[in-house]
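Nothing in this text is a laboratory measurement; each read-out follows from the coordinates by a stated rule. All figures in this text were calculated on a predicted structure; none of them were measured in a lab. Every residue, glycine as well, gets a Cβ built from its backbone with ideal geometry; the counts of neighbours run over all protein chains shown.
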Amino acid sequence: MSVVMDRLMNNLRIRLPGAIDDAIKLEVYNTLNDFFQGSNIWREDLDIAITSGETYYDLLPTGPCNLVRLIGVVNSDNLKVDALIDLITRQLVLALEPTSADTYTAQVVLTVADPLDRDSYPVFPEWVLDLYMNDITDGVLGRMMSQPAKPYSNTQLAAFHTRSFQSAIATARVESNRRYAYGAQRWRFPQAFNRHKVRR
Amino acid sequence: MAQALDTVADYIADARVLLQDTVTDYRYSDAELVENLNLGLLEMRRLRPDLMITTFGSTIPKYSSASPSTTVVCDVQYRMALLYYVCGQTQLRDDEATQDSRATIFLNKFTAQLLTIGA
């Protein structure tokens with residue numbers, strides 16, 4: 001177990017008297033799954049060798065993980081290519097048949113999946129815990145405290161921690177979309193502009 | 001590293017202290033105490049399913065007095081509660097040495113320790 005995972009577990013153990021490690025680990029998995037699915041922060045660029053006339057390609061991200069959604073696909077000239085993903089078969093589906101061989105890059109969002117590591121923790125990038133330790137802690141506490149008839153059950157605190165976690169997911173999603181650049185895309189169209197467009 | 005209440009024999013020995021049954025020949029047999037230990041695990045599964053996460057895909061472990069050195073699978077935080085259940089369930093037996101109120105106290109303590117912090 002990594003030092004940072006150890007710290008997360010210790011944070012949780014002292015806030016959840018009477019909770020056993022296996023139960024905490026179960027909710028750590030669920031919380032991370034919610035966090036990754038909602039925030040899009042775990043992304044991977046996958047290079048795909050494209051052959052002429054073929055529209056289906058296997059997506060093979062590194063390590064145990066599940067695909068959540070496709071951010072986009074570009075060709076070797078960095079031009080956008082229309083495509084979607086089939087989550088069941090884990091394949092990229094191109095909208096149009098390619099006319100020549102090329103290497104496309106698909107950026108996908110990932111989340112945790114089985115199998116777990118030898119300590120029964122999900123495998124995911126460690127920087128996530130470095131950045132979002134307190135937010136993940138909030139998520140696990142919210143889930144644990146909402147369980148009925150446990151020494152650590154507490155509906156009020158569960159609601160508090162869950163709200164904090166939901167807010168953290170939204171913040172992480174924005175940070176991820178702006179690629180962690182402070183003040184990026186601060187300017188946006190005034191709301192009146194959109195309303196004006198709709199009226200037309 | 002060995003800890004308190006690791007094995008079947010540990011439970012039997014500690015239960016006998018609380019039951020004041022440390023002199024041979026015993027009032028309560030080993031088999032009886034171990035059976036109550038097994039019943040306690042079933043109760044733990046009912047009250048706190050999370051304590052039995054590792055047994056969801058299989059049956060709950062059943063121990064025997066014939067194998068006293070077997071490790072009892074129970075989180076350290078709830079070993080005392082299980083010991084209280086063994087004592088309470090044992091004292092439910094109707095004999096001149098037991099008191100119903102003492103059995104009730106043990107069993108209530110077991111339940112309270114599983115469900116609340118300050119029990």
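Some points to look at:
- Span-rule helices in chain A, defined as complete DSSP H runs reaching 15 Å or more along the axis (Cα) with Kyte mean at least -1.0: A:3-15, A:21-39, A:127-145, A:155-177
- When you filter the trypsin sites (Lys or Arg not before Pro) in the range B:29-68 for DSSP loop state and at most 12 other Cβ atoms inside 10 Å of their Cβ, you are left with B:LYS62.
- FRET efficiency for A:LEU79 and A:ARG118, using Cβ-Cβ distance with R0 set to 51 Å, rounded to 0.05: 0.70
- Debye log10 I(q)/I(0) for the range A:1-153, one point scatterer per Cα, at q = 0.12, 0.13, 0.14, 0.18 Å⁻¹: -0.60, -0.67, -0.73, -0.99
- Size of electric dipole in the range B:8-115: Cβ of Lys, Arg +1 and of Asp, Glu -1, about Cα centre, debye, nearest 20: 400 debye
- Every Cα-Cα pair of the range A:67-147 was included, and the share exceeding 21 Å stands at 52 percent.
- Given charges at beta-carbon only (K, R positive; D, E negative), |dipole| of the range A:1-151 in Debye: 700 debye
- Shown here are the Rg and Dmax of the Cα trace of the range A:43-112, at 11.3, 35 Å.
- 10 Å Cβ shell holding at most 16 others, DSSP loop, chymotrypsin sites (Phe, Trp or Tyr not before Pro): longest site-free stretch of chain A: A:1-179
- Largest-first ellipsoid semi-axes for chain B, taking √(5λ) over the Cα gyration tensor eigenvalues, angstrom: 22, 18, 13
- Here the simple spin-label model places points 7 Å from the Cα toward Cβ, and for A:ARG7 and A:GLU54 these points are separated by 4.5 nm.
- Zero-based 20 Å bins, Cα pair distances in the protein assembly as shown, whole percents: 24, 40, 24, 10, 1
- Estimated inter-spin distance, A:THR155 and B:THR22, nm [label 7 Å along Cα→Cβ]: 4.7 nm
- Between B:MET1 and A:ASP47, the simple spin-label model (points 7 angstrom out along Cα→Cβ) gives 5.0 nm.
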